[in-house]
Amino acid sequence: MPDLSTRDIKFLQGVGPQRAAILNKELNVYSLHDLLYYFPYKYVDRSRLYYIHEIDGNMPYIQLRGRILTFETFGEGRQRRLVAHFSDGTGVVDLVWFQGLKYVTGKYKAGEEYVVFGKPTVFNGRINIAHPDIDPAGELKLSAMGLQPYYNTTEKMKRANLNSHALERLMKNLFHTLQREVFDETLSPTLIETYHLMSLTDALYNIHFPQTPELLRRAQYRLKFEELLYVQLNILRYARERRNKFRGLVFDRVGDIFNTFYARNLPFELTGAQKRVIKEMRRDMGSGRQMNRLLQGDVGSGKTLVALMTMLIALDNGYQTCMMAPTEILAVQHFETVKRFLEGMDVRVELLTGNVKGKKRETILRDLLTGDVQILIGTHAVIEDTVNFSSLGLVVIDEQHRFGVAQRAKLWAKNTCPPHVLVMTATPIPRTLAMTLYGDLDVSVIDELPPGRKPVKTVHQFDNRRPLLYGFIRQQIQEGRQVYIVYPLIKESEKMDIKNLEEGYVHITEAFPEYKVSKVHGQMKPAEKDEEMQRFLRNETQIMVATTVIEVGVNVPNASVMVIENAERFGLSQLHQLRGRVGRGADQSYCVLVTGYKLTEETRKRIEIMVQTNDGFEIAEADLKLRGPGDLEGTQQSGVAFDLKIADIARDGQLLQFVRGVAERLLDEDPEGIRPENEVVWRQLKELRRKNVNWAVIS
Ligand code: ADP
Ligand code: MG
């Protein structure tokens, strides 16, 4: 079949230049190929007719056959609505229109028989169907079809009459144009046979116009399988190439520095999980291959210490290391933590951030070159081009799930042999997502908290119960604790949010005249922000009013209460991160989620999950299910294609794992990509990489 991606959508019957422009703009559909791969988001069974006496307001879309008894209009101006009382002899429902009233009364007649299709809801005790689809009962074309596809459309499209039905008609025209041509297969015959897959031609037809639910299921399976297979092949092949290309520095011994630290300075027993993870990294770094490892561990699980001990192994092998944090505050905190841990040991640690200037900076840069500075801790400043090491052996990147492949690749150039890389994140990523986002990284997990931690108690509080909440806060402060109060910050309306914060601050200072209150937000100068944080850390202020700038990493063990205002405006992973700011000391800590009364179903679920569990992985899974991967932090910036057209990482996790195995076997059996039976696979992979900008980023 000729290449459909070179055939402009505008020449398809029913499109033309105007509609083509809309399709381009709204759906990114330019060619026949693009349209063909614009899949329905749902299907509705139109094979069954219901009786009115059977239906209720909880049913999904349903179909009725009957007659309009009378029309009535209500309201004025924008409030106007048209109601048709519709009956099939078993009952009456109201069909309701808010727009196009003239069109409706002109087109449909009382007394005629129609098939009506829509979603029933209950309003004022009556069953309503708003803006139903109506067909004269004599022309039951659509209903004869069984499963009807529904396509997502935008407001602009609807205004141009390009609704789901219109797309359905275009799709029909498309298949009509193609006649019975067969699509060039994009999977190898071996794969199709081994995994009992539907052919591409059948799959594409059935995904739009499923002949039966079973055929639809098989079409979906085939297309998801293919989509996930190529994503995985792309990532895995790249990871393998990198492994073959780069030798790794060999850290084959554990020496004085590590041992001294372990024997003399380590203030507590390592948890089992910490030990296991350190072992995993030792094995990696001793293997002769470059380590690229993601360390996941819930907030407070002790990742910093693990990172430090890994760094000491690098020192023992004669290499320097650096550690990068996302913010100045965190960098300083790490620097101080590391210095404290290494007290009395002969290891030179320096801090490098944008604020380190002049003579001090010069000295550090010079001593990095001679190797005198052994551990460098800082912000992004540490990977600037002007920072050069004598022998950099390991880079640790903290709290940076956004640190994509491209950025990591930049680090590899810092030494003739690329340094080992350890990325740490406290935003746990479900396994399936990690496979796609970080398919090229090995993953270690700290799944155990240090002993003695009391899980944070989380409660939900409506915002009219504030007096109760304030009483609780007061009591905690009287016991010597400190309190965070966090306000949401959403980029689009930063001004308004700052206003929220300012008002909150005034309110809190008035409510707690006997205490000192700190205030921190993202628009403050770093130095000011830092100073405020430090005051809170020194317990000079008892309450910290802040936006989410305190989300990451900040450690104030004496703070035991985290109040999150407008909790409905935060995502799950953010709520969990914020909660992680408390529960760091020995005292029982609390997280209070404050919301208004009116909550959406999804918000209610989020809050419920937070109240029920402290387990970051469980929360991450739930988040993925609630929101889908597109919205999760890190997915956009990850450098891996995320515009999956049909597979859904949240729901198709099992298939993803299965397909990853298939991809691995393919690469094992045909590492050079030369076997004739796989030719179509390698050709397709190459084609996808050519077309997909995101994919190319990681080559
Ligand atoms: P995170 O994983 O969130 O970065 P941190 O590394 O900041 O966690 O550790 C949280 C706190 O727990 C720190 O005060 C750290 O010193 C302490 N800690 C780490 N490991 C242990 C351990 N094995 N036993 C007791 N406390 C520990
Ligand atoms: Mg940390």
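Can you tell me which residue within the stretch 281-300, out of those that are over 12 Å from VAL445 (Cα atoms) and in contact with a strand residue (DSSP E or B) (Cβ under 8 Å, 6 or more places away or on another chain), is surrounded by the fewest Cβ atoms within 10 Å (Cβ to Cβ)?
This residue is GLY288.
For GLN296, work out the one condition from (1) more than 9 Å from ligand 1 (Cβ to nearest atom); (2) free of Cβ contacts under 8 Å to residues at least 60 places away in the same chain it doesn't fulfil.
(2)
Any idea which residue in the stretch 301-328 is nearest to ligand 1 (Cβ to nearest atom), counting only those that are touching a Lys or Arg at 6+ places or on another chain (Cβ under 7 Å) and part of a helix (DSSP H, G or I)?
ILE313
How many residues does the stretch 435-453 hold that are at pLDDT below 85 and either out of contact with any strand residue (DSSP E or B) (no Cβ under 6 Å at 6 or more places or on another chain) or within 16 Å of ligand 2 (Cβ to nearest atom) (or both)? If you could, list the steps in order and put the result at the bottom.
Let us first name the residues in the stretch 435-453 that are at pLDDT below 85, namely 435-443, 452-453.
Checking the rest, the ones that are also either out of contact with any strand residue (DSSP E or B) (no Cβ under 6 Å at 6 or more places or on another chain) or within 16 Å of ligand 2 (Cβ to nearest atom) (or both) come to 435-437, 439-440, 452-453.
Selection size over the stretch 435-453: 7.
Return the pairs, sorted by first residue and then second, in which the second residue is aromatic (Phe, Trp, Tyr) and within 14 Å of ligand 2 (Cβ to nearest atom), the first residue lies in the stretch 305-319 and is more than 15 Å from PRO418 (Cα to Cα), the beta carbons are less than 9 Å apart, and the residues are 6+ apart or on different chains.
Within 9 Å, the pairs are LEU305/PHE341; LEU308/PHE341.
Step by step: first the residues of the stretch 552-577, then only those that are buried (at least 21 other Cβ atoms within 10 Å of the Cβ) and within 16 Å of ligand 2 (Cβ to nearest atom), then the one that is modelled with the highest pLDDT. Which residue is that?
Among those residues, the one meeting the criterion is ALA559.
Taking the conditions exactly as written (part of a helix (DSSP H, G or I), at pLDDT 90 or above and either in contact with an Asp or Glu (Cβ under 6 Å, 6 or more places away or on another chain) or aliphatic (A, V, I, L, M) (or both)), does LEU23 satisfy them or not? Give the derivation first.
Numbers: part of a helix (DSSP H, G or I): yes; at pLDDT 90 or above: yes; either in contact with an Asp or Glu (Cβ under 6 Å, 6 or more places away or on another chain) or aliphatic (A, V, I, L, M) (or both): yes.
Taking the combined requirement at face value, the residue satisfies it.
With (1) under 27 Å from the mean Cα position of the chain (by Cα); (2) near ligand 1 (Cβ under 10 Å from one of its atoms) as the list, and VAL277 as the residue in question, which single condition is left unmet?
So the condition that VAL277 fails would be (2).
Using beta carbons and a limit of 6 Å, which pairs, at least six apart or on different chains, have the first residue in the stretch 83-98 and within 17 Å of TYR61 (Cα to Cα) and the second one among the small types (Gly, Ala, Ser) and in a loop (DSSP other than H, G, I, E, B)?
Listed by first residue and then by second, the contacts come to nothing, as the list is empty.
Quick one: what pairs do we get from the stretch 594-605, first residue at negative phi, second part of a strand (DSSP E or B), C-beta under 6 Å, 6+ apart or different chains?
That search, which allows pairs on different chains as well, returns VAL594/GLN461; TYR597/PHE462.
Quick one: is MET533 touching a helix residue (DSSP H, G or I) at 6+ places or on another chain (Cβ under 9 Å) and within 16 Å of ligand 1 (Cβ to nearest atom)? Spell out the reasoning first.
Numbers: touching a helix residue (DSSP H, G or I) at 6+ places or on another chain (Cβ under 9 Å): yes; within 16 Å of ligand 1 (Cβ to nearest atom): yes.
So MET533 fits the description; yes.
Look at the stretch 81-98 and say how many of its residues are part of a strand (DSSP E or B) and either over 12 Å from GLY118 (Cβ atoms) or in contact with a Leu (Cβ under 9 Å, 6 or more places away or on another chain) (or both). Break it down into steps so the answer makes sense when it comes.
Residues of the stretch 81-98 part of a strand (DSSP E or B): 81-87, 92-97.
Next cut, either over 12 Å from GLY118 (Cβ atoms) or in contact with a Leu (Cβ under 9 Å, 6 or more places away or on another chain) (or both) only: 81-87, 92-93, 95-97.
Residues in the stretch 81-98 being part of a strand (DSSP E or B) and either over 12 Å from GLY118 (Cβ atoms) or in contact with a Leu (Cβ under 9 Å, 6 or more places away or on another chain) (or both): 12 in total.
Suppose we filter GLY585, GLY596 for residues that are surrounded by fewer than 20 Cβ atoms within 10 Å (Cβ to Cβ) and farther than 23 Å from ARG453 by Cβ; which single one remains? Full working, then the answer.
Details: GLY585 fails: farther than 23 Å from ARG453 by Cβ.
Residue meeting the stated conditions: GLY596.
Does GLU343 satisfy being more than 30 Å from the chain's Cα centre (by Cα), within 16 Å of ligand 2 (Cβ to nearest atom) and surrounded by fewer than 23 Cβ atoms within 10 Å (Cβ to Cβ)? Give the steps one after another, and end with the answer.
Working: more than 30 Å from the chain's Cα centre (by Cα): yes; within 16 Å of ligand 2 (Cβ to nearest atom): no; surrounded by fewer than 23 Cβ atoms within 10 Å (Cβ to Cβ): yes.
For GLU343, the condition - more than 30 Å from the chain's Cα centre (by Cα), within 16 Å of ligand 2 (Cβ to nearest atom) and surrounded by fewer than 23 Cβ atoms within 10 Å (Cβ to Cβ) - is not met.
Given the options ARG78, ARG65, ARG48, name the one that is charged (D, E, K, R) and either in contact with a Phe, Trp or Tyr (Cβ under 6 Å, 6 or more places away or on another chain) or in a helix (DSSP H, G or I) (or both). Can you show your working first?
Details: ARG65 fails: either in contact with a Phe, Trp or Tyr (Cβ under 6 Å, 6 or more places away or on another chain) or in a helix (DSSP H, G or I) (or both); ARG48 fails: either in contact with a Phe, Trp or Tyr (Cβ under 6 Å, 6 or more places away or on another chain) or in a helix (DSSP H, G or I) (or both).
So the residue among ARG78, ARG65, ARG48 that is charged (D, E, K, R) and either in contact with a Phe, Trp or Tyr (Cβ under 6 Å, 6 or more places away or on another chain) or in a helix (DSSP H, G or I) (or both) is ARG78.
For the stretch 177-235, name all the residues that are farther than 30 Å from PHE11 by Cα and among the charged types (D, E, K, R).
Within the stretch 177-235, GLU193, GLU214, ARG217, ARG218 meet the criteria.
Spot the failing condition for GLU608; the list is (1) at pLDDT below 85; (2) among the acidic types (Asp, Glu); (3) more than 30 Å from TYR230 (Cβ to Cβ), and only one is missed.
The number of the failed condition is (1).
Let me spell it out: the conditions are (1) at pLDDT below 90; (2) within 28 Å of ILE619 (Cβ to Cβ); (3) of a type in the set (Ser, Thr, Tyr), and THR458 meets all of them except one. Which number is the exception?
The one condition THR458 does not meet is (1).
Give the residues of the stretch 329-360 that are over 25 Å from GLY302 (Cβ atoms) and part of a helix (DSSP H, G or I), sorted by residue number.
The answer is GLY358, LYS359, LYS360.
Do we find a residue being at pLDDT below 95, of a type in the set (Asp, Glu) and in a strand (DSSP E or B) anywhere in the stretch 392-410?
no
Which members of the stretch 300-318 meet the condition of being within 12 Å of ligand 2 (Cβ to nearest atom) and in contact with a Phe, Trp or Tyr (Cβ under 7 Å, 6 or more places away or on another chain)?
LEU308
PRO136 is checked against (1) more than 30 Å from HIS420 (Cβ to Cβ); (2) within 29 Å of the chain's Cα centre (by Cα) and fails just one. What number does that condition carry?
Of (1) more than 30 Å from HIS420 (Cβ to Cβ); (2) within 29 Å of the chain's Cα centre (by Cα), only one is false for PRO136: (2).
Would you say PRO2 is of a type outside the set (D, E, K, R), exposed (fewer than 13 other Cβ atoms within 10 Å of the Cβ), within 19 Å of THR153 (Cα to Cα) and without any contact (Cβ under 8 Å) to a residue 24 or more places away in the chain?
Details: of a type outside the set (D, E, K, R): yes; exposed (fewer than 13 other Cβ atoms within 10 Å of the Cβ): yes; within 19 Å of THR153 (Cα to Cα): no; without any contact (Cβ under 8 Å) to a residue 24 or more places away in the chain: yes.
Judged against the criteria, PRO2 is not a match.
Only one of THR363, THR386 is part of a helix (DSSP H, G or I), at pLDDT 85 or above and among the hydroxyl-bearing types (Ser, Thr, Tyr). Can you tell me which?
THR363
Return the only residue of THR353, THR327, THR321 being among the polar types (S, T, N, Q), surrounded by 16 or more Cβ atoms within 10 Å (Cβ to Cβ), closer than 18 Å to ALA527 by Cβ and more than 16 Å from ligand 2 (Cβ to nearest atom).
Details: THR327 fails: more than 16 Å from ligand 2 (Cβ to nearest atom); THR321 fails: closer than 18 Å to ALA527 by Cβ.
From the options THR353, THR327, THR321, the qualifying one is THR353.
Being in a helix (DSSP H, G or I) and either over 29 Å from ASP3 (Cα atoms) or without any contact (Cβ under 8 Å) to a residue 40 or more places away in the chain (or both) is the filter here, so list the residues in the stretch 661-684 that pass it. Steps first, answer last, please.
Taking the stretch 661-684 as the starting set, the residues that turn out to be in a helix (DSSP H, G or I) are 661-669, 676-684.
Hits for the stretch 661-684 are GLY661, GLU664, ARG665, ASP668, GLU669, PRO676, TRP682, ARG683.
The values are calculated or read from the model by the stated rules, or taken from the named source; none is laboratory data. Owing to the predicted nature of the structure, the values given are computational and were not obtained by experimental measurement. Because the Cβ atoms are built from the backbone with ideal geometry, glycine has one as well, and the counts that use them run over all protein chains shown.
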